[in-house]
Amino acid sequence: GEGATCRRALFFSRAPIGVDRQTLASLLLRGGGAADPNPGAPNPGPNPGECAAQQHVGLYAFRPPSLQRFVELPPSRLEALEQLEQMRALEAGMAILVGEVQSARSGVDTREDYEMLQRVWREREGSARRSERAKRAGATGI
């Protein structure tokens, strides 16, 4: 899009990162986590503007040599900790470029997600074929 830029990823996590300490304390308190660092102070709750974290929507494209290097790397410490294979590439010094999108649909992160996506594709494909047959039948007067 207009003005779109790509930047190098620094880190990926399933947890909120890039959150200021006050917002993190509010998030933890609401989730039954750590004690309030300022007891008695008003808790305004998290302000989304104070969080630099964004939802990750991954679409990966590799040049052949990079893909070969990636698959030959052993799993990394941060990959195991975060359960995110992107961390393997980052820890090995590989660059991952990131950009922003206006909206995103749900991800395909598990075998169940993949199987659901296959069902949706098959249903849409079948629906498109039926629609095309109906158009042809209407055009020929069958």
³J(HN,Hα) across region 79-85 via Karplus (A = 6.51, B = -1.76, C = 1.60, θ = phi - 60°), whole Hz, x for Gly/Pro?
4, 5, 5, 8, 6, 9, 5
Would you tally the net charge around residue 69, using a Cβ to Cβ cut-off of less than 12 Å, leaving residue 69 out, and scoring K and R as +1, D and E as -1?
+1
Identify the residues of region 97-126 with backbone N under 13 Å of a label point that sits 7 angstrom from the Cα of residue 5 along the Cα-to-Cβ direction, or state none.
98-100
If you take every residue apart from residue 125 with its C-beta less than 14 Å away from the C-beta of residue 125, what net charge results, scoring Lys and Arg +1 and Asp and Glu -1?
+4
Using alpha carbons only, what's the Rg to Rh ratio of region 61-142 with Rh from Kirkwood?
1.24
Within-13-Å neighbourhood charge of residue 81 [Cβ basis; K, R +1; D, E -1]:
-1
Separation between the residue 121 and residue 17 pseudo-spin-labels, each 7 Å from Cα along Cα→Cβ, expressed in nm?
3.0 nm
Accessible area (Å², per residue) of region 86-142, counting only protein heavy atoms and a probe of 1.4 Å:
84 Å²
Between residue 98 and residues 5 or more places away or on another chain, the pairs with built amide H atoms under 5 Å apart involve 7, 8, 9
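The values are calculated or read from the model by the stated rules, or taken from the named source; none is laboratory data. What you see is a predicted model, and the numbers here were worked out from it, not measured in a lab. Don't worry about glycine lacking a Cβ; one is built from the backbone with ideal geometry, like all the others, and counts go over all protein chains shown. Quick note on the areas: whole protein, heavy atoms, side chains included, nothing else; ligands and nucleic acids left out. Shrake-Rupley method; radii C 1.70, N 1.55, O 1.52, S 1.80 Å.
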